[in-house]
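The values are calculated or read from the model by the stated rules, or taken from the named source; none is laboratory data. Owing to the predicted nature of the structure, the values given are computational and were not obtained by experimental measurement. Here the Cβ positions follow ideal geometry from the backbone for every residue, glycine too, while neighbour counts run over all protein chains shown.
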């Protein structure tokens, strides 16, 4: 005698809802994974490739397992028990995920000699996301088993299930990116979709009165998720200096403040995107070196910054070149807001929200100084690294104008990211110079069509204030001409992620060698002490 299905399972509406919300949760967890990993490993194409590849493997395994399990055990309680387990796992990710990433990275640091970024992001994905997404991969084949009562309309039913799963995935792609992550953050986004899966399980278990315990567990989870306190920090090891942690569509955002300065970072592991020294003057970082560009320009009336950040360079230009007009283009609206609220960006700086290259292409203006500062560790926008882009900059410079580019990862190896950028720029500009920034990995590049740029720099240095003059002396002592070469980036071919990863791997490798040396000499306990 055929077993009678529970009422809820006899309703295709509930089955369709399960397919829809499961598809939505898959994409939401995938996007949440990218945002959870980005502050530690960047949001480059390489990290995205690791995430997508790992998740697709998990889903494929889940599809096979779900189909076989449904054939052997055609009891829907198994499926909804798996969804309940996914809900619990997903809800724990915000609380335990950051520690898992730190633990995985620390363990790999002892053994991995190269490609640390790839291995660390891959292993973090395996630990955190493979299991729940493998379980979600069992949903569609299981639902197909429960909905095909006859061969007469099974094609129609299966097509509808697949369509709803796909539609759910589409919504699950847009909803976290444009709504939940900017509004409530990555942690709450995980909790929201964990609650959705728990509610589906709750509805099923309520319909099966003998599963009271599981239904009660679902209700408990949902209640806990709604009222869970969420004091979430990606940089959990930081002290009280962190005054803001926030997320935008584009970035993780962290503002730190101490007695001397305020700084913005978009990565918890390394890098400072903007800095403000409270008592004014020089920052001691690459922004100071970039101030050689106005001295090289024929005049300093109009300055354009592509990658405004919170306006460190903009404020310096206003301080040392009174009366100049500064325009900054920043793709992240939240960074512009932070620049006004926390960094006191002067109102006379025109802050435009948009993509730097797209805005420059549409503009008909010209500038005496154009600063390109849109590069963050490995995440170099390829469209702002090509011949076509630098040609656009060249055409928007006023006569005697100078472009300055901040390159954040210096490398000695042949064919490095910076060598590609230098050769690309030298193929557009006839006069190109670089200088190393002391105490960091940055390299500043100056480019102009005017051969008089260096002579103007030399002529203006003696009249500078003491702090400004000291930095310009360093620039003068370290300035080197760029001859140019065959490493050219174009819109068609600009493998900036691979090039950037190679340099970052060198930097991380050097730090890990030092760490391993300390461990060999002092042991783990000595390092901890």
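The residue list 457, 446, 429 contains one member that is buried (at least 16 other Cβ atoms within 10 Å of the Cβ), in a loop (DSSP other than H, G, I, E, B) and either in the same structural domain as residue 402 (by TED's automatic domain parsing) or on the phi > 0 side of the Ramachandran plot (or both), which is 429. Scanning the range 47-61 for residues that are over 11 Å from the mean Cα position of the chain (by Cα) and buried (at least 18 other Cβ atoms within 10 Å of the Cβ) yields a total of 6. Test residue 215 against the criterion of being more than 25 Å from residue 326 (Cβ to Cβ) and either assigned by TED's automatic domain parsing to the domain that holds residue 442 or modelled with pLDDT under 80 (or both), and give yes or no. Answer is yes for this residue.
So is residue 293 over 20 Å from residue 39 (Cβ atoms) and either in contact with a strand residue (DSSP E or B) (Cβ under 6 Å, 6 or more places away or on another chain) or crowded, with 19+ Cβ neighbours inside 10 Å (or both) or not?
Values: over 20 Å from residue 39 (Cβ atoms): yes; either in contact with a strand residue (DSSP E or B) (Cβ under 6 Å, 6 or more places away or on another chain) or crowded, with 19+ Cβ neighbours inside 10 Å (or both): yes.
When the stated conditions are applied, residue 293 passes them.
Cβ-Cβ contacts under 8 Å between residues 6 or more apart (or on different chains), taken from a first residue in the range 282-295 that is at positive phi to a second residue that is surrounded by fewer than 24 Cβ atoms within 10 Å (Cβ to Cβ) and outside any helix (DSSP H, G or I), are listed as 284/439.
In summary, helices (runs of 4 or more DSSP H) completely within the range 48-155 and bearing 1 or more residues that are farther than 25 Å from residue 197 by Cα and in the same structural domain as residue 14 (by TED's automatic domain parsing) occur at 76-109, 116-128. Which of the strands (runs of 3 or more DSSP E) found entirely inside the range 349-411 contain at least 3 residues meeting this: surrounded by fewer than 22 Cβ atoms within 10 Å (Cβ to Cβ) and at pLDDT 90 or above? The qualifying strands (runs of 3 or more DSSP E) are 350-353, 397-407. For the range 19-42, the condition holds for at least one residue, the condition being that it is crowded, with 21+ Cβ neighbours inside 10 Å, modelled with pLDDT under 80, assigned by TED's automatic domain parsing to the domain that holds residue 136 and not in a helix (DSSP H, G or I). With respect to the conditions (1) within 19 Å of the chain's Cα centre (by Cα); (2) over 16 Å from residue 28 (Cβ atoms); (3) surrounded by 19 or more Cβ atoms within 10 Å (Cβ to Cβ), residue 128 lacks only one, and its number is (2).
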